[in-house]
Amino acid sequence: MATPAIRMFRKLEGLFCVYKPSGVHWKLVRDSIETNLLKGLNAAPSQPLPREVRLLAQPRHESEASKGLTVSAVSVPVLSKHPLVTGPEFQHIRVGVGHRLDTFSSGVLVLAVGNGNKALNDFYTTRVTRDYTLEAEFGTATDNFTNTGRVVERSTYDHITQDKLERVLSMLEGVNQKTLLTYSNIDMRSQEAYELAAQGLLGPEGKSTPILTGLRCIRFQPPNFTLEVQCLNETQKYLRKIVHEIGLELRSTAVCNGVRRTRDGLFTLQDALIHHHWTAADVMQAIQLYHSTKKNKKRSKATNKTSALQTSEDNITETQQSEINEGVAR
């Protein structure tokens, strides 16, 4: 019979996401969540101790010493099974981490518990796109493309306008679209390529270089500007380098002040648990929500597929009926 802690752990198996703050290593986030989950699991009510029957000697008076030893069968708890003797029921659980964020980045970080690690691997074998918000500043270049690095160059930026910036972004997006088609390994003249592109599922087969699928400016207040990026197979260092290259294309320099991930596949900032909610109860609720969302999406896909097949059958029936009517008319 499963204990309350084991039943609780089964509800914790799955995927969820947290908000990783800037300046904190992802390993520290994972270890903190693992510690909190272990505390929650081991705080679950324990089962009553098993009992066993023992023969115990009955107390007797000095006057009864000549009558010999008297024993009786008594049910006593098995103290060797007590938590103070055996230790906590859960001493380690496997918490997996999805696409990682470096120390200086913040945002959505996907994690998995138990059997959810297999789902995490399956999740990233698909073409998962991620969204980022990049805070940047013109006029400075550093050795590591961040505002905390060693300054190697300063330049003017008064000549930069939003139109010029938009043209550079469009150029970069076009180059990356060509790269995406190169790695897709699909004939662009085929019906399959058209259908995948229409559904937004066109992506690289297997590993590829980082690819930007979307790039736009959402705030322009020189020297500061903010970019919104959609990408595949990226690293945060690559995104900072993109900011640096944008500055060079505009005959200036630029440095990245911050990288924040706003979406990782199905998970968004609205789903992310902040530090105060990294508890077993909140993680369980987030995982249950993920499971229910996944089931609803499967049902909607099945419904759409059924309706599409029904529409196709209706069209075929109408075509056949019109052909019969034309034959009768002749």
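Of everything in segment 164-195, what is of a type outside the set (Val, Ile, Thr), modelled with pLDDT of 90 or more and open to solvent by 70 Å² or more (accessible area, probe 1.4 Å)? Give them in sequence order.
Lys164, Arg167, Ser170, Met171
Let's see how each residue does on (1) out of contact with any helix residue (DSSP H, G or I) (no Cβ under 9 Å at 6 or more places or on another chain); (2) surrounded by 13 or more Cβ atoms within 10 Å (Cβ to Cβ):
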| site | (1), (2) |
| --- | --- |
| Arg10 | yes, no |
| Ser22 | yes, yes |
| Ile33 | no, yes |
| Ala57 | yes, no |
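Return the residues of segment 221-267 that are open to solvent by less than 40 Å² (accessible area, probe 1.4 Å), within 27 Å of His291 (Cα to Cα) and part of a strand (DSSP E or B); say none if nothing qualifies.
Once the filter is applied, which keeps residues that are open to solvent by less than 40 Å² (accessible area, probe 1.4 Å), within 27 Å of His291 (Cα to Cα) and part of a strand (DSSP E or B), segment 221-267 yields Cys231, Leu232, Arg261, Thr262, Asp264, Phe267.
Given Ser106, Ser72, which one is open to solvent by less than 90 Å² (accessible area, probe 1.4 Å), closer than 29 Å to His291 by Cα and in a strand (DSSP E or B)?
Going through Ser106, Ser72 in turn, the sole match is Ser106.
Find all pairs meeting these conditions: Cβ atoms under 9 angstrom apart; at least six residues apart or on different chains; first residue within segment 148-169 and of a type in the set (Phe, Trp, Tyr); second residue surrounded by 12 or more Cβ atoms within 10 Å (Cβ to Cβ) and assigned to a loop (DSSP other than H, G, I, E, B).
Close Cβ pairs satisfying both conditions: Tyr157/Gly139; Tyr157/Pro222; Tyr157/Pro223; Tyr157/Leu250; Tyr157/Ser252; Tyr157/Thr253.
Within segment 25-69, restricting attention to residues that are under 17 Å from Ala281 (Cα atoms), in a loop (DSSP other than H, G, I, E, B) and among the small types (Gly, Ala, Ser), which residue is modelled with the lowest pLDDT?
That would be Ala44.
With segment 117-192 as the region, which strands (runs of 3 or more DSSP E) entirely inside it contain at least 1 residues that are closer than 30 Å to Glu13 by Cα and within 25 Å of the chain's Cα centre (by Cα)?
Qualifying strands (runs of 3 or more DSSP E): 130-138.
If we keep just the residues of segment 268-308 that are crowded, with 18+ Cβ neighbours inside 10 Å and more than 18 Å from Ser106 (Cβ to Cβ), which is modelled with the lowest pLDDT?
Once the filter is applied, the top-ranked residue is Tyr290.
State yes or no: is Leu111 in a helix (DSSP H, G or I) and not charged (D, E, K, R)?
Criteria not met by Leu111.
Being touching a residue at least 40 places away in the same chain (Cβ under 8 Å), open to solvent by 80 Å² or more (accessible area, probe 1.4 Å) and closer than 21 Å to Ile287 by Cα: is that true of Asn115 here?
Yes.
Residue pairs, Cβ under 7 Å, 6 or more apart or interchain, first in segment 273-297 and without any contact (Cβ under 8 Å) to a residue 24 or more places away in the chain and over 15 Å from Ala112 (Cβ atoms), second open to solvent by less than 50 Å² (accessible area, probe 1.4 Å) and outside any helix (DSSP H, G or I). List them.
As it stands, the answer is Asp282/Leu273, since those pairs meet every condition given.
The values are calculated or read from the model by the stated rules, or taken from the named source; none is laboratory data. Because the structure is a prediction, the values reported are computed rather than measured. For neighbour counting, all protein chains shown are included, and Cβ atoms are generated from backbone atoms with ideal geometry for every residue, glycine included. We work out accessible area using only protein heavy atoms, side chains counted, and drop any ligands, DNA or RNA first. Shrake-Rupley method; radii C 1.70, N 1.55, O 1.52, S 1.80 Å.
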